[in-house]
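Engineer: If you scroll down you'll find the structure; I have some questions about it.
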Amino acid sequence: MIVQTINLTKRYGKLVALNNLELNLEEGECFGYIGPNGAGKTTTIKILATLLQPTWGEARICGHVVGYESRKIRPLIGYVPDFFGAYEDMVVQEYLEFFASAYNITGKQRTRVVGDVLELTDLEYKKEALVDSLSRGMQQRLSLARVLLHDPKVLLLDEPASGLDPRARIEIRELLKELRHMGKTIVIS
Ligand SMILES: Nc1ncnc2c1ncn2[C@@H]1O[C@H](COP(=O)(O)OP(=O)(O)O)[C@@H](O)[C@H]1O
Ligand SMILES: [Mg+2]
């Protein structure tokens, strides 16, 4: 099991946001996580991304336990939150180089990796554009490009198609198909 949760439970005070969730995903699986607002999707994804601790139960990525072995988990995952992050005053290429450096990818390797993810996400022609000037669909593709830099095994995508027009949604779907063919395990709400 590449992603596994056992009795995963999260409380915020008295509110039970997640109740004994059992998830088992095999490598290469694409798991669509559906539920109404407030169902606990973001909470689950944040726990898997090592950003929240469960109240009870356990979550594992590649066998490593969230909260105990988070440093082993982080290189294995790519997390796209349900909002677009800061750094709007950078151009696309700088933005990706900055995040690559955060994963200790430097020099020629960084140039190559940034070029590869720009090509994969069809953003090469925008590499000199300010992040702030991109359309919502392009920003979403850039968010995906950012989490692919370190070639993670597992992608955790929190509503990546929300707020996108139909054309941009189709583009995201095509991109996800490509990532699946690359063998990524995908959790998508
Ligand atoms: N930081 C928080 N503090 C208190 N309650 C929270 C917090 N985050 C989420 N919740 C509550 O937990 C429940 C699940 O939220 P969430 O995981 O965001 O659901 P979803 O992503 O499926 O809409 C909701 O009732 C929400 O109001
Ligand atoms: Mg949510």
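Engineer: No solvent, one uniform scatterer per C-alpha: report log10 I(q)/I(0) for segment 1-76 via the Debye equation at q = 0.11, 0.22, 0.27 1/Å, two decimals.
Structural biologist: Result of the Debye calculation: -0.25, -1.01, -1.41.
Engineer: How far apart, in nm, are the 7 Å Cα→Cβ label points at K127 and D82?
Structural biologist: 3.5 nm
Engineer: Just for the chain, what percent of DSSP beta bridges are antiparallel, to the closest 5?
Structural biologist: Restricted to the chain, the bridges split so that about 60 percent are antiparallel.
Engineer: In angstroms, what radius of gyration and Dmax does segment 93-152 have, counting Cα atoms only?
Structural biologist: So, for segment 93-152, Rg and Dmax equal 10.5, 30 Å respectively.
Engineer: Treating cross-link reach as a plain straight distance, find the aspartates and glutamates whose alpha-carbon is under 14 Å from the alpha-carbon of K108, omitting any fewer than eight places away in the same chain.
Structural biologist: Correct list for K108: E97, D116.
Engineer: How high is the relative contact order of the chain, in percent, counting Cα pairs under 8 Å that sit 6 or more residues apart?
Structural biologist: 26 percent
Engineer: May I ask for log10 I(q)/I(0) of segment 41-175 at q = 0.10, 0.15 Å⁻¹, from a Debye sum over the Cα atoms as equal point scatterers with solvent left out?
Structural biologist: Those come out to -0.34, -0.76, one per q.
Engineer: Hey, another quick one. In whole Hz, what ³J(HN,Hα) sequence does segment 14-19 give by Karplus (6.51, -1.76, 1.60; θ = phi - 60°), x for Gly and Pro?
Structural biologist: Per-residue couplings from phi come out as 8, 7, 8, 7, 9, 10 Hz.
Engineer: Taking H placed 1.01 Å from N in the peptide plane, check which residues at least 5 places from Y79 or on another chain put their amide H under 5 Å from its amide H.
Structural biologist: Counting only residues 5 or more places away or on other chains, the set is L156.
Engineer: Taking a cut-off of 25 Å between Cα atoms, list the lysines near K177, but don't count ones fewer than 8 places away on the same chain.
Structural biologist: Within the straight-line cut-off, K177 pairs with K41, K46, K126, K127, K153.
Engineer: To the nearest 0.05, what FRET efficiency results for N7 and N104 with a Förster distance of 41 Å applied to their C-beta separation?
Structural biologist: FRET efficiency, N7 to N104: 0.70.
Engineer: Among L120, F99, P75, whose Cα lies farthest out toward the positive end of the dipole of segment 71-136, if unit charges sit on the beta carbon of Lys, Arg (+1) and Asp, Glu (-1)?
Structural biologist: P75
Engineer: For segment 3-188, what is the accessible area per residue in Å² when the probe is 1.4 Å?
Structural biologist: 53 Å²
Engineer: Taking the convex hull of the Cα atoms, report for segment 33-110 its projected area averaged over all directions, in nm².
Structural biologist: Projected area, direction-averaged: 7.1 nm².
Engineer: Ignoring ligands and nucleic acids, what accessible area does I47 show with a 1.4 Å probe (Å², nearest 10)?
Structural biologist: Here the accessible area works out near 0 Å².
Engineer: Based on the Cβ-Cβ distance of E27 and H181, what FRET efficiency does E = 1/(1 + (r/R0)^6) give at R0 = 22 Å, to the nearest 0.05?
Structural biologist: My answer for the efficiency is 0.95.
Engineer: List the residue ranges in the chain for DSSP H helices whose C-alpha atoms run 27 angstrom or more along the long axis and whose Kyte-Doolittle average is -0.5 or above.
Structural biologist: Sorted by number, there is nothing, because no helix extends far enough and scores high enough.
The values are calculated or read from the model by the stated rules, or taken from the named source; none is laboratory data. For clarity, every value in this text was computed on a predicted model and none was experimentally measured. Backbone-built Cβ (ideal geometry, glycine too); neighbour counts: all protein chains shown. Surface accessibility is based on the protein's heavy atoms, side chains included, excluding ligands, DNA and RNA. Shrake-Rupley method; radii C 1.70, N 1.55, O 1.52, S 1.80 Å.
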